[in-house]
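**Student:** The structure under discussion is supplied below as structure tokens; questions concerning it will follow.
The values are calculated or read from the model by the stated rules, or taken from the named source; none is laboratory data. Remember, predicted model here, so these are calculated numbers, not experimental data. Heads up, the Cβs are rebuilt from the backbone with ideal geometry, glycines too, and the neighbour counts pull from every protein chain shown. Protein only, heavy atoms only, side chains kept; ligands, DNA and RNA dropped before computing areas. Shrake-Rupley method; radii C 1.70, N 1.55, O 1.52, S 1.80 Å.
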Amino acid sequence: MTEKTNNISEQNSENTFKKLSIQVGLNGLSFCVLDTISNEILAFEKVSFKTASTPYLLLKELKAVLNKNSTVGTNFSEVVVIHKNGLFSLVPKALFKKEELANYLKFNAKIMANDHIAHDEISNHDLINVYVPFANVNNHIFDLFGAFEFKHTGTVLISTLLNQTRATSQPVCYVHVAEKEMEIVVISDKKLLFYNHFEYKTKEDFLYFLLFSLEQLQIDLEQVQLKLFGLVEEGDAIFELCYSYIQSVSVFVPVDSNYPLDQLESQAIDFTSLSKL
């Protein structure tokens, strides 16, 4: 069912200066443990599902991985869970009302009557991200570690990119590339123009979602800067296909992240998990 890399190594459960970040999604999981004193990544593990999972099977896989790596311990100074899915909607803060959470989602996401709906504030940018977290995962993490913080992957991604992007009138399109998933963020003049999450099977699917998004925004392909990061490198199939249509394409590493990137292979880095640490 799964492919696994970088097994978590044994940790000292007495160390209260460790932060644990877990990202969960229907296409896979990732874990990262950081020593906040030395700023050293102590452990990293990634689990990729060969086929899209369900919330029930996602929790089953999560339990199996945590049990297998029980030596990581349960004593952390901070635990963060990042939920990665397409069940979200961005709302201007001025229009946001807590009692309307379901209404914000019902037009662009299929939700059930008993779904728990949460929201994150994207600080300093007057935006609220309304989304459906994996409630069963949250319940299990609470049982294991007690109180913890959780966010949607879009919240982390948008906040980081908005805070690091220089003011420019030319639009910048960031694409976070993952296995079977892509997140597109378009920013101009330090304002968010667009964010969305897509699932793709082929490089042609990837290109379609990218070009369609830019077309809807009426962005000139000769003017936009395309910055790719995640599971992509210069010269690979996705990069070359994008370069066939867009003049300015580059692979980059977010500059305001505090985590030590050189300790992990770039292909294994899970941006939203690590940037939250």
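**Student:** Would you kindly find the accessible area of Leu26, with a 1.4 Å probe and non-protein molecules such as ligands, DNA and RNA excluded, rounding to the nearest 10 Å²?
**Tutor:** For Leu26, solvent-accessible area is about 50 Å².
**Student:** Can you pull the accessible area of Glu222 for me, 1.4 Å probe, Å² to the nearest 10?
**Tutor:** 120
**Student:** Further question: Can you pull the one-decimal nm distance between simple spin-label points at Leu221 and Glu149, each 7 Å off the Cα toward Cβ?
**Tutor:** Taking the simple label geometry, Leu221 and Glu149 are separated by 4.0 nm.
**Student:** Here's a follow-up. Could you work out the relative contact order of the stretch 137-212? I mean the mean sequence separation of Cα pairs under 8 Å and 6+ apart, divided by the number of residues, in percent.
**Tutor:** The normalised contact order for the stretch 137-212 reaches 21 percent.
**Student:** Measure off, as a whole percent, the carbon and sulfur share of the 1.4 Å-probe accessible area of the stretch 156-252, all protein chains present.
**Tutor:** The computed percentage sits at 46.
**Student:** Please report how far the C-alpha centroid of the stretch 146-180 lies from that of the stretch 42-59, rounded to the nearest whole angstrom.
**Tutor:** About 22 Å separates the Cα centre of the stretch 146-180 from the one of the stretch 42-59.
**Student:** Of all accessible surface on the stretch 68-118 at a 1.4 Å probe, what whole percent is carbon and sulfur?
**Tutor:** 55
**Student:** Here's a follow-up. Give the shape of the stretch 76-129 as rounded, prolate or oblate, defined through the alpha-carbon gyration tensor: a ≥ b ≥ c are the square roots of its eigenvalues, a/c under 1.5 means rounded, and otherwise the shape is prolate if a/b is larger than b/c and oblate if not. Mind dumping the intermediate values first?
**Tutor:** Values: a/c = 2.02, a/b = 1.18, b/c = 1.71.
Since a/c reaches 1.5 but b/c is at least a/b, the shape of the stretch 76-129 is classed as oblate.
**Student:** Explain nothing, just the number: relative contact order of the stretch 71-219, from Cα pairs under 8 Å at least 6 residues apart, as a whole percent.
**Tutor:** Worked out over the stretch 71-219, it gives 20 percent.
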